[in-house]
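J.: Take this structure first; my questions come after.
Bear in mind that the values in this text are calculations on the coordinates, not laboratory data. What you are looking at is a predicted structure, and each value in this text was computed from that prediction instead of being measured. All Cβ positions, glycine included, derive from the backbone under ideal geometry; neighbour counts span all protein chains shown.
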Amino acid sequence: MYRMLKKFFRFCGETERKQFSLSISLSVFNALFVAMRIPAVYVVIKAILEGNLSEREAYEAIGIIIASILLQTAITMKTTMLQTRAGYNTASLKRMEIAEHLRYVPMGYFNNEGLGKVTSIATNTMESFSGMATRCVMMISKGIITTAVVVCSMFFFDVRIASVALITMVIYLLGTELMIRMESSDADGFTKAQDVMVARILEYVRGIAEIRNFNLFGKSITNVDESIDRFARYSTGMETTYEIMMFFLNVLNKLSGVVMTLLSILFYLKGSMSLVYAVMMIICSFMIFESLDMVGAFNGLTRAIENCIDKANEALSAPTMKIEGEELSPGEMTLAMKEVEFSYDEKKIIDRVSFEIAEKTQTAFVGPSGSGKTTLTQLLARFWDVDAGSVTLGGVDVRNYSYDSLMKNFAFVFQNVYLFNDTVENNIRFGKPNASREEVMEAAKKACCHDFIMELPDGYDTVIGEGGATLSGGERQRISIARAIMKDAPVIILDEATANVDPENEQKLMEAVDALTKNKTIIMIAHRLKTVRNADQILVVDKGRIAERGTHDELLRKDGIYKSFVTERSKAATWKLGRG
Amino acid sequence: MKKEQNSRQNTATMQSVLNRNSFHWLWHFTEGKRGTYLLSIILALLGVACMLLVYVCLAALIRELIGGNRDMDFYVQRGTQIGILWILRYVFHGLSTYSSHSATFGLIGNGRKLMLKKLNTMPLGAVQDHSSGEYKNIICDRIEQVEPTLAHVTPEFTANIIGAIAMFIYMMNIDWRVGLWQLICIPAGFIAFSIMMVSTPKYYPATIEKTKALNAVAVEYIGGIEVIKAFGQSKTSYGKFVKAAKEGADCFIDWMKKENFWQNFGMACFPATLLGLLPSGVIYCLNGSLDPANLIVLIILSFGTVAPLVTVFTYMDDISKVGEIISDMADVMDEADLKRPETSRQLPKDHGITLNNVHFTYKDKEVLHGISMELKSGTVNALVGPSGSGKSTIARLIASLWDVNDGEIMIGGVNVKDMSLEEYNRHVAYVSQENYLFDQTVMDNIRMGREGATDEEVIAAAKACGCHDFIMSLEKGYQTICGGSGGHLSGGERQRISIARAMLKDAPIVILDEATSYTDPESEAVIQSALSRLTAGKTLIVIAHRLSTIADADRIFLIHDGKVEAQGTQEELLTTSPLYRSMWESHVSARKEEA
């Protein structure tokens, strides 16, 4: 619990930490105001026991209770505001921090799954942080402080009874800590059971088509029920530990109350305490640990809160690279790699690769999947930083450019296209924010988008995506090409589309690519023989090295990897399904 | 803080809890756990009884003390009784909470199993309308969140509500007038909360809207970060994000500012039972109608009446959250099942397929308008047409991903709706681009094609699909674990293993749904030869983007706007159908330098 509190306050920003602390300090006064009902009771009981009860006591009691209500209201208004501000602002600052951090993370770092995770952290996790975590931390801190204050003030009335209360409080708090420890010793088996269950459910869901296709439902290979039951058992087990601890803590509080009651009576009988005090102490013994109960109740959420904080910190721990550099614009566009090495996950992907790409030429990367050709194109545009060697544009190391000024030189066309949930026009304009509508339309026409855009319900103002128009894969591709045309960058990096394109789309797509690449430096991952054949330079990549290089004719003569690539491709292109 | 806010949303969300369907499913999920819940309630009641007895003992103790009893032994005796009663109270409470938890974990398990089972019986197409992430979210994560509430509601509600009521009755028994006077704080609290609620309709929608906007901006910014960076727009987009994040926080803060006073005033009022109790008690003591010792007892008892009700109040927002989750689960459970009998009413004669006047509506839009087709047993049939024509839908209907809305699909003269899914699956193999491999060995993955196949048969299928060599080159050969979604293998390798699996199944009807557009173009040629072997001698239905692939088909069906526009061989269609001719020409021109 204390580790969690420490983590929580370290996680908050400077201002928010102060607001939280102030709110907690003020809650001491709140505790005192809540405790004002004790004097109200005292006034009445004292009069009863001393036999001089009058209407006066009724008025006094009303006065004290009303004052208590108003003062409580005033102070909680202040603390609620502090807490609300601090809670929501912390969440919002963390969101910004994550967003800021992403700007510095190498572009190649995130796959879709990773990005999905970060998104969920920035939205869901932070949402539950601002609500659940804040409330819980405040309740725990306030509970501890309130009890401490009440116990301390008891010392003014009777040191002996107060000592019993103090000891109880200390044992209780140690107990909550022990509870967390015991829980985390159970947590391993629990987490494992959970992981197994999640993995099995995921596998079932992802493989549902096969499960049905091959009649596998209920067969052991896809049996998730057992893992679900096991997880339920572990969950119950965790809960049992928790309940047993809570039992002891609750009983501790109540028995301590009984001890305080009996002691008060004993002291009264022995003559060292007045009857009024004794009765008051008995009443107090029933209320004093109310706040501690709160601490115990919220203690169970400790792990969930730590989890929230850890997740956010994990998102912030992704490696970064330096993106500030000089605002450079290269005089000429020669791209070169010199002795480049690059590893990912301790595995060498690129091994001492050197090549040069002259301005306005066409270079094709060819090679088996996993050979490293995609990584090479990514390194050229600094999606990653190289481990050794250098990548230069116009003779200057790409790391010396500021990221934005480097990116001005590149346009990308990838197979998976990301379009924003915005109008078609704004999506295309993203390539050049200050472009006029005419420019947008011109780019769309070049990319063969204009016709289908005009057929959309609101033309260029149609919103794409959720709640808007759904476009086919080929159409999305062409809009992304229009966006790239808009940008008009001198170097085009292109991953040639192969899948999911109908014949009529395919031809338009090729026209669009032609419009984009006119008079540019073209670097492509090529799958089509036609494009490879026209390339000025073909780089055949195999196992992270350049295995062969040259033009189509030169390479064909070599009778190597490239030759067999060409043979396979022509065979594939003319394949026919059918009789014989 | 959050809980009070949410209590304002209760009225709206409570309705979703009471929504009959959600409730129906919640009841269904408790199957086999109801006894445990009942036990939990009984135990909680026993706990309440013990607590009540504590107060009875305490009252007696106080009366004696004030009455002048100076026998310490008596007090020790009473004290011991109270101590034992407290222990019993928490024993019962703990056992109640334990049973309620174990029942709730069982309920969650039931919910998970039932949802998974549902995925096996509802139309596969409907399953695939959602991503696996969405299913994981509801089946693994969200359902788990019902636990704290459902598990605590039973014991806590019983203990707090029944406890408060019992305590109240006990107080009424001592003096009904004072018992009623103490409740004066409740209307005061309610008035404060009602005033607070007045501004809810104004602020609540704003918070929902801003939170949604914030989430949307976050999704766009993070999901689109590559594009944003590639276009050098990270500063601008970051600015948008910052604005949304600030607004998302501010709307809650503004709301809180507005309601701050009434909320906190209300929260201070509710538990202030002494406000009415003390003065009324004093007055009745003065006029002699109340024994002062009883007043002291009443004071102590009053701590146990309203305060527990406030605790119950804090559960309300959590209950509404549970309502939302259950209603999400109900959305899955309410999907219509595929209409297939448990056992087949009739068995197919051969492996021809007939479609009679098939209509199909997808998301309220009719996409197939009366399709009739005849696919003869053992022939190669291709479906072609512009994108959005409905050709994939036809293949998916034949593959039983959906049920037709009207008309019928017959296999070997038998309506598929008269065949059990199991029987149907023995006849049809459906091969798409994405074929999932399980986290098992290569051997077991291929063996899934036919239960009980020997290792030799598996290897023979692998050899026929050109997989054997690369499998042998893997570190552990056929014993290599494929990893979730076949992580260690390339796309082409995975596809070939799944083809080997389909081959082992040896179904007489094969549907290739875009299986020829590859995620891994480098291994296209090997995959093609595997497909050739898989489909040899079968009734084949194929959708191919590359028209040359299907040029030799026995029959080509040209689908356009949800209808069969033309059918015949390649030569026939080239002469009879202008649409087919133009498609063929654009295909040829796109590919002219390819070979």
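J.: Computed FRET efficiency, Cβ-Cβ of A:Arg557 and B:Lys463, R0 41 Å: what is it to the nearest 0.05?
T.: The value I calculate is 0.70.
J.: If you don't mind, another one. Cα extents of chain B along the three principal axes, largest first, in whole Å?
T.: 114, 57, 50
J.: Please compute, for the alpha-carbon atoms of region B:47-139, the extent along each of the three principal axes and give them in descending order in Å.
T.: Dimensions of region B:47-139 along the principal axes of its Cα atoms: 82, 17, 17 Å.
J.: Give me the distance in nm between label points sitting 7 Å out from Cα along the Cα-to-Cβ direction at A:Arg17 and A:Asn313, one decimal.
T.: If labels sit at A:Arg17 and A:Asn313, their model points lie 1.3 nm apart.
J.: What distance in nm separates the two pseudo spin-label positions at A:Asp397 and A:Thr334, each 7 Å out from Cα along the beta-carbon direction?
T.: 1.9
J.: For region A:417-488, rounded, prolate or oblate, judged on the Cα gyration tensor with a ≥ b ≥ c (square roots of eigenvalues), a/c < 1.5 rounded, else prolate if a/b > b/c? All intermediate terms of the calculation are to be shown ahead of the outcome.
T.: Numbers: a/c = 1.39, a/b = 1.38, b/c = 1.01.
Rounded is the answer for region A:417-488, as its axis ratio a/c remains below 1.5.
J.: Let me ask something additional. Scan chain A and hand back the longest stretch that contains none of the GluC sites (Glu not before Pro) lying in DSSP loops with at most 15 other Cβ atoms within 10 Å.
T.: In short, A:1-323.
J.: Something else now. Taking 19 Å as the cut-off for C-alpha to C-alpha distance, list the pairs among A:Lys219/B:Lys505; A:Lys408/A:Lys520; A:Lys373/B:Lys463 that go past it.
T.: With Cα atoms farther than 19 Å apart: A:Lys373/B:Lys463.
J.: Another one. Based solely on C-alpha atoms, express the radius of gyration and the Dmax of the protein assembly as shown in angstrom.
T.: 36.8, 120
J.: Find how much the distance from B:Lys117 to B:Arg581 grows on full extension, using 0.36 nm per residue of separation minus their present alpha carbon separation; answer in nm with one decimal.
T.: Once the chain is fully extended between B:Lys117 and B:Arg581, it gains 162.3 nm.
J.: What order do you get for B:Leu489, B:Leu301 when you list them from fewest to most C-beta neighbours inside 10 Å?
T.: B:Leu489, B:Leu301
J.: Let me ask another. Would you mind telling me the antiparallel percentage of the DSSP bridges in region A:326-462, rounded to 5?
T.: 95
J.: Give the value in nm², to one decimal: projected area of the alpha carbon convex hull of region A:2-315, averaged over all directions.
T.: 21.8
J.: In addition: What FRET efficiency, computed as 1/(1 + (r/R0)^6) with R0 = 51 Å and r the Cβ-Cβ distance, is obtained for B:Glu456 and B:Leu38, rounded to the nearest 0.05?
T.: Efficiency for this residue pair is about 0.35.
J.: How many Cβ atoms of partner chains, on average, are near each residue of A:528-536 if near means within 10 Å of its Cβ?
T.: If you average over the peptide's residues, the count of other-chain Cβ atoms is 2.
J.: Okay, moving on. Rg (Å, one decimal) plus Dmax (Å, integer) for the alpha carbons of region A:132-288?
T.: That works out to 25.5, 87 Å for Rg and Dmax.
J.: Over region A:38-197, how many pairs of lysines fall under 26 Å by alpha carbon, counting only those 8 or more apart in sequence or from different chains? Mind dumping the intermediate values first?
T.: Values: A:Lys78/A:Lys94; A:Lys78/A:Lys142; A:Lys94/A:Lys117; A:Lys94/A:Lys142; A:Lys117/A:Lys192.
Here the count comes out as 5.
J.: Please give the FRET efficiency for B:Glu134 paired with A:Asp186, using the beta carbon to beta carbon distance and R0 = 25 Å, rounded to the nearest 0.05.
T.: Step by step, r from the Cβ atoms, then E = 0.20.
J.: Please return the longest stretch of chain B lacking exposed loop sites, where trypsin sites (Lys or Arg not before Pro) count only if DSSP places them in a loop and at most 12 other Cβ atoms lie within 10 Å. All intermediate terms of the calculation are to be shown ahead of the outcome.
T.: On the way: sites that count: B:Arg70, B:Lys339, B:Arg345, B:Lys349, B:Lys363, B:Lys476, B:Lys592.
That would be B:71-338.
J.: Eight or more residues apart or on different chains, and alpha-carbon atoms under 27 Å: count the Lys pairs in region B:288-397 matching that.
T.: Here the count comes out as 10.
J.: Turning to a different aspect of this structure: Quick check: residue separation of B:Ile174 and B:Asn357 times 0.36 nm, minus the Cα distance between them. What number comes out in nm?
T.: Taking B:Ile174 through B:Asn357 to full extension adds about 57.8 nm, to one decimal.
J.: Right, another one. Restricting to bridges with both residues inside the protein assembly as shown, how much of the DSSP beta-bridge set is antiparallel, in percent to the nearest 5?
T.: Once the DSSP bridges in the protein assembly as shown are tallied, antiparallel ones form about 55 percent.
J.: Can you compute the modelled spin-label distance between A:Tyr59 and A:Thr240, with each label point 7 Å from Cα toward Cβ, in nm?
T.: Using points 7 Å along Cα→Cβ, the separation is 6.3 nm.
J.: While we're looking at this one, here's another question. If neighbour count is taken as other Cβ atoms inside 10 Å, put A:Trp384, B:Trp27 in order from fewest to most.
T.: Ranking A:Trp384, B:Trp27 by Cβ neighbours within 10 Å, fewest first, gives B:Trp27, A:Trp384.
J.: So which helices of chain A fit the span-like rule, where a helix is a whole DSSP H run, its Cα atoms reach 24 Å or more along the axis, and its mean Kyte-Doolittle is at least -1.0?
T.: The qualifying helices are A:14-34, A:55-104, A:134-154, A:159-206, A:225-270.
J.: While we're here: Among bridges DSSP assigns within chain B, what percent are antiparallel (round to 5)?
T.: 55
J.: Taking the convex hull of the Cα atoms, report for chain A its projected area averaged over all directions, in nm².
T.: Approximately 39.4 nm², given one-decimal rounding.
J.: Show which aspartates and glutamates lie in cross-link reach of B:Lys246 when reach means a straight Cα distance below 15 angstrom and same-chain residues fewer than eight apart are skipped.
T.: Of all the aspartates and glutamates, those that pass the test against B:Lys246 - Cα under 15 Å, at least 8 places apart if same chain - are A:Glu16, A:Glu97, A:Glu100, A:Glu127, B:Glu209, B:Asp254.
J.: Taking the number of other C-beta atoms within 10 Å as the exposure measure, put A:Ser402, B:Ser99, B:Ser432 in order starting with the fewest.
T.: So the ranking, lowest neighbour count to highest, is A:Ser402, B:Ser432, B:Ser99.
J.: Roughly speaking, what is the stretch gain from A:Lys518 to A:Met321, that is 0.36 nm per residue apart minus the C-alpha to C-alpha distance, in nm to one decimal?
T.: 67.6 nm
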